[in-house]
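Some notes on the structure that comes next.
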Amino acid sequence: MSVLSEPKFDQHCRDAVLGLRAALLELYREVKADPTAPQDVARRFSLNKNLSWKISRILQSEDALAAVPNIPGNSGLTILLDAMKNAGAPESSIMRVQAASRAFERMVDTHTGDRAGLELTLDSMGGEGAALERSRRLAFQGNSGIWGIQCQTRLAAQFVAPSHDDPDLLDLAFVAGWQGVRRLRPIDRWPAFQIFLRHDDGTDISDNSNNLPLAPDKNGGSWMLNEFCTGAMPEMHSRRAPNGICYEFGDGPVGRTGEFGCFYGNLRPMVVSRYASKKDTLGEFHVGITIPAAVLLFDIFVHRDLPEALAPEVLVRGRLQTHFDYQDHSLIRLPVRTRVHDLGRNPSVATPLVNGYDRLINTAMTAGGWELTEFHCLRLILEYPPMPSTVTMQYQLPEANKTR
């Protein structure tokens with residue numbers, strides 16, 4: 001069979017794994033081995049515990065592609081078959097496993113060349129569980145070295161509530177930043193943040209004149225939360241960009257002596273409609289990953305009067321250009337599956353990921369004239385978020401006549 005006439009990769013891989021799984025299940029039945037008891041199997045057949053555990057995971061997995069990392073190599077499989085043969089397994093069962101193993105190896109050779117390529121391909125496809133976990137971890141290490149900078153935690157906390165003056169409009173606020181920023185080599189400038197608010201079609205909702213500071217700033221800036229910045233905080237620089245002002249970190253020491261935490265935010269009262277329109281159908285909250293980060297902490301604080309926002313969809317999209325454009329087709333949705341946790345009303349928000357996080361949240365609550373008892377907290381934690389990317393939580397805006 002030529003390569004062109006082979007089945008598509010995912011189906012071919014699934015069939016090969018399931019064929020091997022079926023052969024191993026038959027072998028276990030013949031020797032009366034329990035697939036769910038790997039320790040007993042290891043003891044009874046004098047097998048390495050790690051090998052028996054891997055086989056058990058294969059036999060119990062209903063997801064063929066997720067079982068691939070547990071499939072032993074030829075030497076491990078030979079050890080298993082020799083042990084089973086010595087225990088009285090019939091030759092036909094042994095030969096069936098050997099044939100299924102050869103079919104699996106042919107599939108690997110056809111599509112990826114080797115096991116390393118196979119696992120990388122499966123990780124890139126996403127699948128169930130911690131999609132792209134291996135690739136994201138490797139990318140964090142690689143990007144840290146390439147760009148010469150990294151952080152422990154990327155933080156974004158966003159707040160949405162009906163306006164006190166007009167409940168048909170929404171007040172928005174946010175707190176964002178980085179903890180444990182460390183340079184790996186001298187860097188003159190690094191883009192920190194650029195914030196804008198847009199309609200679904202990408203057009204600006206308003207200018208920056210209604211941005212209100214969350215806390216008094218001695219330097220007159222409306223963005224920086226200097227009280228919460230820690231360590232060797234560098235000088236911040238600003239420059240004009242095509243769609244706003246870009247703030248940049250200045251230079252500083254390499255390594256631990258130059259490590260710092262930086263936080264910023266603002267309040268925008270009565271800035272968008274609560275309801276859907278021809279121009280807007282989605283409520284969206286975004287956080288950009290522009291520094292290699294070990295973990296993303298993304299919280300949405302939803303007022304109790306906005307039940308429509310309590311079950312947002314999460315999108316992780318790659319950014320192939322510097323500026324985020326909603327209509328840009330270079331925004332590629334990545335197969336990263338995440339879970340949003342509802343911490344409930346009046347949540348306990350303290351976390352070891354960000355020092356003093358509860359005080360940061362209280363600062364935003366005070367600026368908005370809110371009480372934490374009025375809000376649900378929806379929390380997303382993503383280890384090694386792809387960089388550069390934009391992580392979005394979005395929900396459908398309700399029709400006005402359906403919520404009044």
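Enumerate the aspartates and glutamates that K49 could reach by cross-link, defined here as Cα to Cα under 15 Å, with residues fewer than 8 away along the same chain left out.
D34, D40
Could you tell me which GluC sites (Glu not before Pro) in region 1-86 are loop residues by DSSP with no more than 15 other beta carbons within 10 angstrom of their beta carbon? Provide the component values of the computation, followed by the final result.
Working: sites: E26, E30, E62; in loops: E62.
The qualifying sites are E62.
Can you give me the Kirkwood hydrodynamic radius for region 1-100, using every pair of distinct Cα atoms, in Å to one decimal?
Working: mean 1/r = 0.0717 Å⁻¹.
13.9 Å is the Kirkwood radius here.
Using the alpha-carbon atoms, what tilt in degrees (0 to 90, nearest 10) does helix 74-86 show relative to the longest principal axis of the chain?
Rounded to the nearest ten degrees, it is 50.
Return the distance in nm (one decimal) between the two label points of a simple spin-label model at A37 and E313, each offset 7 Å from Cα along Cα→Cβ.
Those two pseudo-labels are separated by 4.7 nm.
For the chain, take the longest principal axis of its alpha carbons; what is the angle in degrees between that and the long axis of helix 133-147, to the nearest 10 within 0 to 90?
Orientation of helix 133-147: about 50 degrees from the principal axis.
As I understand it, the value is the acute angle between the Cα axis of helix 357-368 and the longest principal axis of the Cα atoms of the chain; what does it come to in degrees, rounded to 10?
The angle comes out near 40 degrees.
At each listed q (0.06, 0.11, 0.13 Å⁻¹), what is the log10 of I(q)/I(0) that the Debye formula gives for the chain modelled as equal alpha-carbon point scatterers?
Cα-only, vacuum Debye calculation for the chain: -0.35, -0.88, -1.05.
Throughout, read-outs are computed from the coordinates displayed, never taken from laboratory work. On a predicted model such as this, the values are computed, not experimentally measured, just so you know. FYI the Cβ positions are ideal-geometry reconstructions off the backbone, even for glycines, and counts take in every protein chain you see.
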